[in-house]
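Since every read-out is calculated from the coordinates, none of them should be taken as a lab result. Computed from a predicted model, the values in this text were never measured in an experiment. Positions of Cβ are backbone-derived with ideal geometry, glycine not excepted, and every protein chain shown enters the neighbour counts.
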Amino acid sequence: MTERATDRATDRATRITIGCMGDAGGRSLPARAKGAARGLGSYVGSRSLKQKALGAGAGAVLLSAPFGGLAGAPPPGPADLAVGEAVRVGPFEVTLRGATTLPYVGGVVNAAETNRVLCVLAEVTTVGDRPEYGVTLSGAVRPPADGGVVAVGEGGDFPLRGSDGAAQAALAVVSDGAVESGNLDRLNPGVTYTVVLAWEQEGSWSGDSVTVTLDGLTWVEEDSIGLMPQRWNDLDEPVYSATLPVVPGLLTVAEP
Amino acid sequence: MSPLGRGTAVAAAVIAAMALGRVVTETWPVNDVTTAPFVRSGAVAEPVRTEYATITVDGVRAARTLVTGGLSEPPAATAGGVFLVADVTVRATRRTENIDGLYLVDAEGLRHEGTARGGCATGMFAPAGVDWHAMACFDVAPDVLEGAYLVVARGGGDLDGYYQARDEVVHVDLALTADRAAQLAASTETYATWLPGPEPYDTRPWSPEREAP
């Protein structure tokens with residue numbers, strides 16, 4: 001192609017582009033908009049009242065989208081859980097029995113001398129078909145917000161429960177009413193334990209009850225990047241909430 | 001032969017060659033790689049030799065409670081079900097071996113892991129050339145004992161055997177017949193736990209009167 005021919009082709013392309021942008025069909029943009037609005041008005045006017053109402057509703061929903069109108073419904077709050085009621089939490093069947101405070105639980109929670117240990121008594125059975133880690137269960141139990149639990153870094157040495165920085169419960173077996181010294185590390189299928197979930201508690205705390213909340217656990221067969229497949233994942237969504245009476249003397253500690 | 005006939009014959013020959021190739025590759029897959037472990041089977045008190053270690057299950061016991069190190073303390077651990085205790089000796093061949101897989105498989109194929117409660121071993125680092133003794137304790141439901149066998153391996157049993165791929169894995173028949181399983185399930189014994197080490201440990205039932213060695 002010669003230079004002149006190239007220039008002609010470029011000029012033609014430029015005219016076509018400008019025409020598409022500004023005056024196709026010889027009409028200005030405001031004129032086209034007015035025409036479209038008249039067409040829409042005519043179309044809407046010919047609809048039935050019911051169709052108009054439905055269209056108005058759909059339009060209102062779409063207009064509310066930037067403000068969250070199309071967002072999913074918030075998850076329902078945790079269901080109330082009664083003392084002694086068995087519920088399924090991931091691979092576990094959990095029954096909460098009550099709560100108490102102990103001066104110490106050696107080998108389980110190393111509380112400061114001025115503090116105590118809040119213990120939630122429960123029965124747990126692994127109803128899944130795999131051995132599970134104790135931390136899978138203890139991680140699903142939130143520290144009671146009204147239980148005076150010492151936050152991480154304020155005297156406790158708990159592992160973190162999650163990104164919220166809350167203290168994770170220690171999990172220990174109860175035998176004949178006494179808390180064993182040492183954590184329950186693995187729970188095999190079909191085995192039932194009486195356990196405590198324990199947190200360091202401020203020594204000044206006083207109360208008649210504590211609220212215990214259980215998170216939902218969901219099975220992850222394969223995760224998106226393949227690093228942690230086949231595990232129970234804490235949804236970080238409370239599914240059960242129970243108010244447990246604090247009963248003095250509910251538990252004792254195995255003396256060292 | 002006409003040009004059309006030759007073309008048809010060539011096309012038929014090409015299709016036949018492709019079909020033959022398909023049959024060959026499907027009959028003898030060239031891309032399949034086995035990930036299954038190499039199982040070495042054995043029995044109690046029978047050394048099982050692998051490329052990396054000689055592994056022996058010296059005995060099997062059952063306990064209701066465990067005490068740590070034979071000290072005169074209250075029970076360190078009480079079973080939710082029953083503690084099946086396996087005394088395992090590993091003699092690594094050339095280098096220190098990390099025995100991370102140490103678990104039971106019941107008759108239905110379910111895995112049951114050991115616990116560290118009371119001081120039991122859930123695995124061991126076995127140095128080369130030394131008999132390394134470990135006491136593994138499995139808190140299991142009594143009804144899973146019958147027919148269960150012990151697995152000893154370098155890789156753990158998680159992820160459907162992913163960590164045991166193409167490695168030697170020892171399966172030890174614990175001779176848990178119905179009678180033996182019932183006997184073990186009814187155990188009320190207490191045993192002392194011992195950390196893994198080169199010295200054989202006391203496997204007799206623990207009693208408060210006996211002094212700690």
### Task
Compute the Cα gyration tensor for chain B, then decide on rounded, prolate or oblate, letting a ≥ b ≥ c be the square roots of its eigenvalues: rounded whenever a/c is under 1.5, prolate when a/b is larger than b/c in the other cases, and oblate in all that remain.
prolate
#### Entry: Magnitude of the charge dipole, the stretch A:79-253, Cβ model with Lys/Arg +1 and Asp/Glu -1, debye to 20
280 debye
### Message
Sorting check: for A:52-64, A:209-221, which peptide has the highest mean count of neighbouring beta carbons within 10 Å, and how do the rest follow?
### Response
A:209-221, A:52-64
### Query
Percent relative contact order of chain B, based on C-alpha pairs within less than 8 angstrom and at least six residues apart?
25 percent
### Query
Residues of B:130-141, mean number of Cβ from any other protein chain within 10 Å of their own Cβ, rounded to a whole number?
2
### Query
Can you list residues whose amide H is under 5 Å from A:GLY182's amide H, if they're 5+ apart or on another chain and H is modeled 1.01 Å from N?
A:VAL108
### Summary
Residues meeting the amide H criterion for B:GLU168 (H placed from the backbone, H to H distance under 5 Å, 5 or more places apart or on another chain) are B:PHE38
### Message
I'd like the distance between the alpha-carbon centres of the stretch A:177-194 and the stretch A:84-135, rounded to an integer number of Å.
### Response
9 Å
### Message
For peptide A:179-187, what's the mean number of Cβ atoms from other chains within 10 Å of each residue's Cβ?
### Response
6
### Task
Kindly express, to the nearest 10 degrees and within the range 0 to 90, the angle between helix B:3-27's C-alpha long axis and the longest C-alpha principal axis of chain B.
10 degrees
### Task
Work out from phi, with θ = phi - 60° and the Karplus expression 6.51 cos²θ - 1.76 cosθ + 1.60, the ³J(HN,Hα) of each residue of the stretch A:95-108, listed in order in whole Hz, and give x for Gly and Pro.
10, 8, 10, x, 9, 7, 10, 10, x, 6, 9, x, x, 10
### Task
Give the residue from B:MET1, A:GLY216, B:VAL172 lying farthest towards the positive end of the charge dipole for the protein assembly as shown; charges sit on Cβ (+1 for Lys and Arg, -1 for Asp and Glu) and the dipole is referred to the Cα centre.
B:MET1
### 3J(HN,Hα) from dihedral phi, the stretch A:130-141, Karplus parametrisation 6.51/-1.76/1.60, rounded to Hz, x for glycine, proline
9, x, 10, 7, x, 5, 5, 6, 5, x, 8, 9
### Query
What is the spin-label model distance, in nm, from B:SER41 to B:ASP167 if the labels are put 7 Å beyond Cα along the C-beta direction?
2.3 nm
### Query
Let a ≥ b ≥ c be the square roots of the eigenvalues of the Cα gyration tensor of the protein assembly as shown; is it rounded (a/c under 1.5), or, if not, prolate (a/b larger than b/c) or oblate?
oblate
### Task
Using +1 at the Cβ of each Lys and Arg and -1 at the Cβ of each Asp and Glu in the protein assembly as shown, identify which of A:LEU70, B:THR122, A:THR192 lies farthest towards the dipole's positive end.
A:LEU70
### Task
Using the number of other C-beta atoms within 10 angstrom as an exposure proxy, rank B:ASP58, B:ASP100 with the fewest first.
B:ASP58, B:ASP100
### Query
Mind listing the phi-derived Karplus ³J(HN,Hα) values for the stretch B:125-132, rounded to whole Hz, using 6.51, -1.76 and 1.60 with θ = phi - 60°, and x for any glycine or proline?
9, 9, x, 5, x, 10, 5, 10
### Message
Let's see if you can work this out: charge +1 on each Lys and Arg Cβ, -1 on each Asp and Glu Cβ, no other charges. What is the dipole magnitude of chain B about its Cα centre, in debye to the nearest 20?
### Response
820 debye
#### Entry: Simple spin-label estimate for A:ALA79 and B:ALA12 in nanometres, 7 Å along Cα-Cβ
7.0 nm
### Query
What's the local net charge at A:PRO248, with K and R +1, D and E -1, over the other residues with C-beta under 13 Å away?
0
### Message
I want to make sure I understand the PRE zone here: with the label point 7 angstrom from the Cα of A:GLU221 toward its beta carbon, which residues in the stretch B:104-122 have backbone N atoms less than 17 Å away?
### Response
none
### Task
Compute the Cα gyration tensor for the stretch B:102-194, then decide on rounded, prolate or oblate, letting a ≥ b ≥ c be the square roots of its eigenvalues: rounded whenever a/c is under 1.5, prolate when a/b is larger than b/c in the other cases, and oblate in all that remain.
oblate
### Peptide A:130-137 - average C-beta neighbours from other chains (10 Å radius)
3
